[in-house]
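For reference, the structure is listed below as structure tokens.
The values are calculated or read from the model by the stated rules, or taken from the named source; none is laboratory data. If you're wondering where the values come from, they're calculated on a predicted model, not measured in any experiment. Methodologically, a virtual Cβ is constructed for each residue, glycine included, from the backbone with ideal geometry; neighbour enumeration extends over all protein chains shown.
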Amino acid sequence: MIRAERLTKRYGGRTVVRDLSFTVRPGTVTGFLGPNGAGKSTTLRMILGLDAPTHGTATVGGRSYASHPAPLTQVGALLDARSFHPGRTAFHHLTALAHTHGIPRSRVEHVLGVTGLADVAGRRVKGFSLGMGQRLGIAAALLGDPAAVVLDEPVNGLDPEGVRWVRTLLTSLAAEGRTVLVSSHLMSEMALTADRLVVIGRGRLLADTTVTDLVRDAGAASVLVVTPDADRLRTLLPPDARATAEAPDTLRVTGLDAPAIGRIAAAHTVELHALTPETASLEQAFMDLTHDSVEYQGAAA
Amino acid sequence: MTTATFPHRVTPSGVLRSEWHKLWTVRSTWITVLSAVALVLGVAVLMGGTYTSGGGDSDVDVVVLTLYGSQLGGICLAVLGILVTAGEYSSGLARATFTAVPARLPVLGAKAAVLGATVLVLGLLTNVAAFLTAQVFLDDTDHAASLTDDGVLAALAGNAAGLALLSLLALGLGAALRSVPGALGAFIGGVLVLPEVVGMLPYDAVDTALRYFPTQAAGVLGSASPLPGAPSAGAALLALALWAAAALAVPAVLLRRRDV
């Protein structure tokens with residue numbers, strides 16, 4: 001269980017994370033989502049005790065990460081940037097980390113095998129591709145057989161096969177009862193792996209929800225109605241429904257579901273050519289949610 | 001994934017093993033250490049082979065003469081000290097290190113212990129070897145000496161202790177500044193060059209203070225016969241140890257307060 005309580009991080013006058021509270025539960029994959037610069041990495045560093053919060057606390061299994069006698073067994077972490085010496089081999093990098101906790105060589109070899117790095121374990125990390133570097137970071141995260149894993153953008157730089165491997169790994173880690181927190185700026189990636197979502201923008205919590213609830217609560221579900229009597233149908237709809245004309249014979253109705261619109265049309269003998277419920281895509285829900293908090297917005301071309 | 005079973009917790013000896021392992025699994029360590037050893041031995045051979053009795057160097061202390069190379073070797077070891085700490089920040093390894101040992105302070109302590117012990121032992125062995133090699137050439141000169149002569153072994157050990165403390169000073173600078181070029185500049189400017197510049201000032205008090213500066217104190221430690229006007233070996237050792245302690249205390253305080 002990872003818990004952030006009113007976490008705030010200020011650098012000089014700039015507030016990167018503001019009053020952020022959320023809980024990550026064991027047994028599920030929780031996606032930590034937000035546009036670039038939303039404060040995801042800073043939050044993860046505060047959870048791992050690398051950055052000290054200006055206010056608030058982050059706890060892992062009930063206490064601060066740094067106060068655990070064996071932190072690598074509590075949380076395994078893959079951070080955003082590379083964290084190894086380029087001139088050291090993968091095996092020696094992991095062995096050095098393992099020594100701090102008295103973790104045996106067999107465990108180092110095990111995680112090298114799990115991450116598919118056994119064949120390159122004796123090579124210096126300098127020659128590793130981005131994807132191999134990510135795998136080494138994941139191997140380091142698994143080293144202590146941790147109760148929770150925190151992975152910052154784990155699929156960055158991975159090929160499709162690697163991406164699928166990460167998805168499977170995350171799901172199986174969660175199935176083993178571990179707490180899994182994965183950050184990403186890609187909603188589509190999270191939709192495939194995460195059960196729960198913590199969405200932040202500009203350092204604030206925007207949503208702490210499930211994937212299905214996010215789509216529903218985004219409120220973007222609408223019904224597309226094609227009718228030659230568009231203007232008349234519009235006047236018949238209740239005041240809390242909103243209808244916008246997409247074309248002379250097409251209305252987009254929000255706030256009313258398709259059966260209700262169908263009943264109104266039937267009761268007033270309005271001819272309908274099409275009645276199509278449209279749920280917002282997860283991507284759209286995410287965009288709607290974070291639209292105001294995107295740091296750099298491109299103008300429409 | 002299988003569940004591993006091991007008595008896992010962070011221990012001081014574990015952190016020491018980790019830092020020892022890290023030290024010897026990168027090439028830069030071997031390059032700097034072997035360069036230092038080669039420089040000390042090479043200069044000792046050069047000094048011994050070119051020495052003539054009654055020449056310009058005849059009034060120089062025999063150990064000082066033999067170990068002229070340790071000034072250059074010391075720079076190699078200072079570079080190593082800086083790489084051990086500041087190098088972790090430039091590669092990003094510091095994040096992994098301090099995630100594994102979030103108490104942070106044991107890491108600095110282990111780094112200092114591992115580097116200090118390594119330089120002390122290797123320095124002592126190299127110095128003895130350099131002395132014996134040089135004596136092959138100096139045997140028939142007025143600088144003929146043996147290890148058991150008064151002050152010789154103490155000076156060889158003192159020189160090694162000086163190298164170890166100077167490398168710890170560099171390690172501390174690297175940990176405080178977190179930048180390899182920054183710490184290297186600070187070491188060369190502050191430790192090697194500054195005393196020479198300050199020494200040009202025409203004040204007696206400055207001259208007295210300078211004798212307790214790191215490189216000067218290390219020089220006293222590496223001399224078999226007492227240098228005129230210099231502090232005692234004990235005072236020099238204390239002064240140098242305080243410099244190294246101060247250089248380690250700064251990052252120790254900062255380490256607890258700063259973000260990684």
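List of remarks:
- Residues satisfying the stated conditions in the stretch A:92-133, i.e. outside any helix (DSSP H, G or I) and of a type outside the set (D, E, K, R): A:Gly102, A:Ile103, A:Pro104, A:Thr115, A:Gly116, A:Leu117, A:Ala121, A:Gly122, A:Phe128, A:Ser129
- Strands (runs of 3 or more DSSP E) lying entirely in the stretch A:165-234 (those with 2 or more residues that are farther than 26 Å from A:Leu7 by Cα): A:222-226
- Wholly within the stretch B:11-106, helices (runs of 4 or more DSSP H) carrying at least 1 residues that are surrounded by 19 or more Cβ atoms within 10 Å (Cβ to Cβ) and within 11 Å of chain A (Cβ to nearest Cβ): B:12-24, B:70-91, B:93-100
- Considering (1) at the interface with another protein chain (Cβ under 9 Å from one of its Cβ atoms); (2) free of Cβ contacts under 8 Å to residues at least 40 places away in the same chain, the lone condition that A:Gly122 does not fulfil carries the number (1).
- Residue tally, condition touching a Ser or Thr at 6+ places or on another chain (Cβ under 7 Å) and charged (D, E, K, R), over the stretch B:119-170: 1
- The sole residue among A:Gly31, A:Gly12, A:Gly102, A:Gly37 that is in contact with a strand residue (DSSP E or B) (Cβ under 6 Å, 6 or more places away or on another chain) and either farther than 16 Å from A:Arg204 by Cα or more than 8 Å from chain B (Cβ to nearest Cβ) (or both) is A:Gly31.
- In the stretch A:105-119, of all residues being of a type in the set (Val, Ile, Thr) and more than 10 Å from every other protein chain (Cβ to nearest Cβ), the one that is nearest to B:Ser13 (Cα to Cα) corresponds to A:Val108.
- Condition check for B:Arg178: farther than 24 Å from B:Thr126 by Cβ, without any contact (Cβ under 8 Å) to a residue 60 or more places away in the chain and of a type in the set (Lys, Arg): no
- Summed over the stretch B:202-235, residues that are surrounded by 17 or more Cβ atoms within 10 Å (Cβ to Cβ) and part of a loop (DSSP other than H, G, I, E, B) total 7.
- Answer residue from the stretch A:59-74, given it is more than 8 Å from every other protein chain (Cβ to nearest Cβ) and either surrounded by 24 or more Cβ atoms within 10 Å (Cβ to Cβ) or among the basic types (Lys, Arg) (or both) and is farthest from A:Ala141 (Cα to Cα) among those: A:Arg63
- Subset of the stretch B:40-62 that is of a type in the set (Val, Ile, Thr) and at pLDDT 95 or above - its residue that is nearest to B:Lys111 (Cα to Cα): B:Val40
- B:Arg27 falls short on exactly one of the conditions (1) on the phi > 0 side of the Ramachandran plot; (2) free of Cβ contacts under 8 Å to residues at least 60 places away in the same chain; (3) not β-branched (Val, Ile, Thr), and that condition is (1).
- Residues located in the stretch A:76-99, provided they are at the interface with chain B (Cβ under 8 Å from one of its Cβ atoms), within 30 Å of A:Phe22 (Cα to Cα) and either in contact with a Lys or Arg (Cβ under 6 Å, 6 or more places away or on another chain) or in contact (Cβ under 8 Å) with a residue 60 or more places away in the chain (or both): A:Ala77, A:Leu79, A:Ser83
- Meets criteria (modelled with pLDDT under 95 and at negative phi) for A:Glu161: yes
- Which listed residue is over 30 Å from B:Glu19 (Cα atoms) and part of a helix (DSSP H, G or I), from B:Leu115, B:Leu122, B:Leu153, B:Leu166: B:Leu153
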